[in-house]
Amino acid sequence: MNRRLFLKTSSAAAAAAALPWSGALAQEGWRTYEIVSRVEVLAPRGESRAWVPLPLSDDTSWQKAVGNAWSGNAAQARIVSDGKYGVAMLYAEWGTGQSAPVIEVTSRFMTRERTADLQRPDPSIGRLPAEDYAFYTAATDLIPTDGIVRKTALDITKGERSDIGKARAIYEWVVDNTFRDPKT
C-alpha cells in the first residue's frame, strides 16, 4: 500500500465531507440547484432600495433550503419577511451618492420528485385544519373572492360535485378565456 497516496486520498475525502454541500449531494433522490439574482440600479437618485425574493422560507418533504449568500456594495443588507405569509426576501439599501448600486444574491436549494394522484388521494394526508383552510382561501387586496369573481366561479363549476371536477372546470375556463399580452 502506498501510504502517501492513502494519506492524500483520505485527507481529500475528509475535506470534501466538511464542505456544506456534501450532505446535500449524499441524499439520494435530491437535486441541488443554485439561483443567482443580480440587481443593478442603473440611474440612482437619492437613496436606493431593493427587495430580492428568496426561495423557500420553510423546508418541506420535497424541497429544502441550503442557504443564501449575497455580495455587493449595499450600505446594508438583511433578510426580512413579509410577516403574514412568511415570504422571505433580501432587503438591500444604498445611500445617496452611491454611483452604481449592485447586489448579487446566490440561493441554493434542493428538490426531489413529488407526484400526487388526484383521483386517488393519499389517505395518510388529512384535510387542512379549518384555520389553515381559511387562511389559504381568504381574499386579499389583489385577489377578491366575492362579487363578480364568486359569481363567475359558481357559474363555471355549476354541476361539478368533486373538488377535482371544479378545479378542472376553472382551469379550462381560464385557458379558454385569457391571453397573454407581452406589452403589459
Only one of (1) loosely packed, with under 11 Cβ neighbours inside 10 Å; (2) part of a loop (DSSP other than H, G, I, E, B); (3) over 20 Å from the mean Cα position of the chain (by Cα) fails for THR115. Which number is that? (3)
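Being assigned to a loop (DSSP other than H, G, I, E, B) and of a type in the set (Gly, Ala, Ser) is the filter here, so list the residues in the stretch 42-53 that pass it.
ALA43, GLY46
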Could you check the stretch 42-72 and list, in sequence order, the residues that are loosely packed, with under 13 Cβ neighbours inside 10 Å and either of a type in the set (Val, Ile, Thr) or over 25 Å from GLY86 (Cβ atoms) (or both)? LEU42, ALA43, ARG45, GLY46, THR60, SER71
Determine the pairs where a residue that is charged (D, E, K, R), located within the stretch 65-81, has a partner that is surrounded by 12 or more Cβ atoms within 10 Å (Cβ to Cβ) with Cβ atoms under 7 Å apart, the partner being 6 or more residues away or on another chain. ARG78/TYR91
Identify the residue in the stretch 83-100 that is farther than 24 Å from GLU34 by Cα and in a loop (DSSP other than H, G, I, E, B) and, among all such residues, is least open to solvent (accessible area, probe 1.4 Å). GLY95
Given the residues VAL80, VAL39, VAL105, which is the only one that is of a type in the set (A, V, I, L, M, F, W, C), surrounded by fewer than 17 Cβ atoms within 10 Å (Cβ to Cβ) and assigned to a strand (DSSP E or B)? VAL80
I'm trying to understand the selection: among the residues of the stretch 54-68, which are out of contact with any Leu (no Cβ under 8 Å at 6 or more places or on another chain) and not in a strand (DSSP E or B)? PRO55, LEU56, SER57, ASP58, ASP59, THR60, SER61, TRP62
Residue pairs qualifying under the 6 Å Cβ cut-off, at least six apart or on distinct chains, with the first in the stretch 160-171 being under 17 Å from THR137 (Cα atoms) and polar (S, T, N, Q) and the second being open to solvent by 80 Å² or more (accessible area, probe 1.4 Å) and at pLDDT 95 or above, are none
Could you say whether any residue in the stretch 130-147 is more than 27 Å from LYS84 (Cβ to Cβ) and open to solvent by 70 Å² or more (accessible area, probe 1.4 Å)? no
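Only residues that are assigned to a helix (DSSP H, G or I) and of a type in the set (Asp, Glu): list them for the stretch 120-175, please. I'd like the intermediate steps shown before the answer.
As a first pass, look at the stretch 120-175 and keep what is assigned to a helix (DSSP H, G or I): 130-137, 147-156, 163-175.
Answer for the stretch 120-175, where residues must be assigned to a helix (DSSP H, G or I) and of a type in the set (Asp, Glu): GLU131, ASP132, ASP155, ASP163, GLU172.
The values are calculated or read from the model by the stated rules, or taken from the named source; none is laboratory data. Just so we're clear, the structure is a prediction, and the values are computed from it rather than from any experiment. In this analysis, Cβ positions are derived from the backbone assuming ideal geometry, glycine residues included, and neighbour counts consider all displayed protein chains. Areas reflect the complete protein model, heavy atoms only, side chains present, ligands, DNA and RNA absent. Shrake-Rupley method; radii C 1.70, N 1.55, O 1.52, S 1.80 Å.
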